[in-house]
C-alpha cells in the first residue's frame, strides 16, 4: 500500500497498488463503461433506483460536467445481468462478464481493507457480521471537458456517504483531497493504483477516529475523465463498538442508519457540510 501527499490516514484516504486487477482488465472495464456512456440518454435514464444516488445522475445544472450510472449489488451475477439486459435488450455478455469480475476483485480489496481496520482497532470479532451486512454499488462517473464559458468544477467539495469508497481512474487527473490544514492537494494515481477513501458511515463506526475524506474534482486539460467507484454501505444500523468509546474519546454518534442518512442528505438540512453531525451527532 502507498501514500501520496494528499492520501494519508489523517485525510481519510490512501493509495493502494492492486495487482489482482490486471492492466488488461482495467483497460477492458474502462472500454466497457465508455460504451455505456455513449448510449442515448433515453436508455441511460432507465437506470433508476429507490435509493438516493444509486441510479442515473446527469443533466444537473449544479454539476453540468458530470454524469454517472450505478449497478447495485454489482458482485452478483444476477444483478449485473439484470442491468445489462435493461441497457442492452439484445444482450452484451462481454460487458456483464467484465463488470462482474472487476466488481468481485475490487470487493475483495475493500474486504481486506476493512478487516485490517477492524483488527487494528482491536475489534476484529465484529468483522464477519459487518461484512455480511455490507451492500455494494459499482458506479461509473464521466466528467466531460468544460466549454470555454463553463467553470471547471467537476463535482463540488463533499464527503462520500459510504463506509468505504474505492476509486479507479483512466489516468486523467482531477481528484483533489482537502487536508486537515485546509489545503487542496491533487491525487496522483500511479498505474494499477486505487484510492481508498473513508466515508461518513465509517467515520461514525470509528467514533470519529477516522475522518471521512473531503474531496472534489477539478477538470484540467482537454480530455474527458472516467472514474469507476465501488461504494460500500451498511445495511441495518451502525453502532459504535463499545471498545472505541473511552473517557478520552467519548461517544460521538447515535445509532446510524446509512440508507436513512442518504435520504436525509437530499433534504435542505442535509445539504449542509455538517449533515453527519445534524443527522447522527451527539
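Could you pull out the residue among 16, 80, 21 that is within 13 Å of residue 99 (Cβ to Cβ), in contact (Cβ under 8 Å) with a residue 60 or more places away in the chain and touching a strand residue (DSSP E or B) at 6+ places or on another chain (Cβ under 9 Å)?
Working: 16 fails: within 13 Å of residue 99 (Cβ to Cβ); 80 fails: in contact (Cβ under 8 Å) with a residue 60 or more places away in the chain.
Within the list 16, 80, 21, the selection yields 21.
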Open item on the list: Out of the residues in the stretch 264-282 meeting the condition of being touching a residue at least 40 places away in the same chain (Cβ under 8 Å) and in contact with a strand residue (DSSP E or B) (Cβ under 9 Å, 6 or more places away or on another chain), tell me which one is surrounded by the most Cβ atoms within 10 Å (Cβ to Cβ).
Closed with: 276
Open item on the list: Quick check on residue 212: is it part of a loop (DSSP other than H, G, I, E, B), in contact with a helix residue (DSSP H, G or I) (Cβ under 6 Å, 6 or more places away or on another chain) and touching a residue at least 40 places away in the same chain (Cβ under 8 Å)?
Closed with: yes
TODO: Would you check which residues across the stretch 83-104 are in contact (Cβ under 8 Å) with a residue 12 or more places away in the chain and surrounded by fewer than 18 Cβ atoms within 10 Å (Cβ to Cβ) and list them?
DONE: 86, 94, 101, 104
- [ ] Would you be able to say whether some residue in the stretch 201-212 is closer than 30 Å to residue 174 by Cα, modelled with pLDDT under 95 and surrounded by fewer than 13 Cβ atoms within 10 Å (Cβ to Cβ)?
- [x] no
- [ ] Give the residues of the stretch 6-29 that are in a helix (DSSP H, G or I), at pLDDT 95 or above and within 25 Å of residue 161 (Cβ to Cβ), sorted by residue number.
- [x] 29
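Suppose we keep only residues that are farther than 17 Å from residue 14 by Cα and out of contact with any helix residue (DSSP H, G or I) (no Cβ under 9 Å at 6 or more places or on another chain) within the stretch 225-242. Which one would you say is surrounded by the most Cβ atoms within 10 Å (Cβ to Cβ)?
In this case the residue turns out to be 225.
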Open item on the list: Taking the conditions exactly as written (closer than 28 Å to residue 219 by Cβ, touching a strand residue (DSSP E or B) at 6+ places or on another chain (Cβ under 9 Å) and free of Cβ contacts under 8 Å to residues at least 40 places away in the same chain), does residue 34 satisfy them or not?
Closed with: no
Open item on the list: Quick test of your reading of the structure: residue 44 fulfils all but one of (1) modelled with pLDDT of 95 or more; (2) closer than 27 Å to residue 111 by Cα. Name the failing condition by number.
Closed with: (2)
Task: residue 257 under 15 Å from residue 162 (Cβ atoms) and without any contact (Cβ under 8 Å) to a residue 24 or more places away in the chain - done: yes
Open item on the list: Checking the structure you have, find out if any residue of the stretch 234-241 is in contact with a strand residue (DSSP E or B) (Cβ under 9 Å, 6 or more places away or on another chain) and closer than 26 Å to residue 99 by Cα.
Closed with: yes
TODO: Output the residue which, of all residues in the stretch 38-72 that are surrounded by fewer than 18 Cβ atoms within 10 Å (Cβ to Cβ) and in a helix (DSSP H, G or I), is farthest from the chain's Cα centre (by Cα).
DONE: 42
Open item on the list: Between 223, 180, which is in a loop (DSSP other than H, G, I, E, B), touching a residue at least 40 places away in the same chain (Cβ under 8 Å) and under 21 Å from residue 275 (Cβ atoms)?
Closed with: 180
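The values are calculated or read from the model by the stated rules, or taken from the named source; none is laboratory data. For clarity, every value in this text was computed on a predicted model and none was experimentally measured. As a convention, Cβ positions derive from the backbone with ideal geometry for all residues, glycine included, and neighbour counts pool all protein chains shown.
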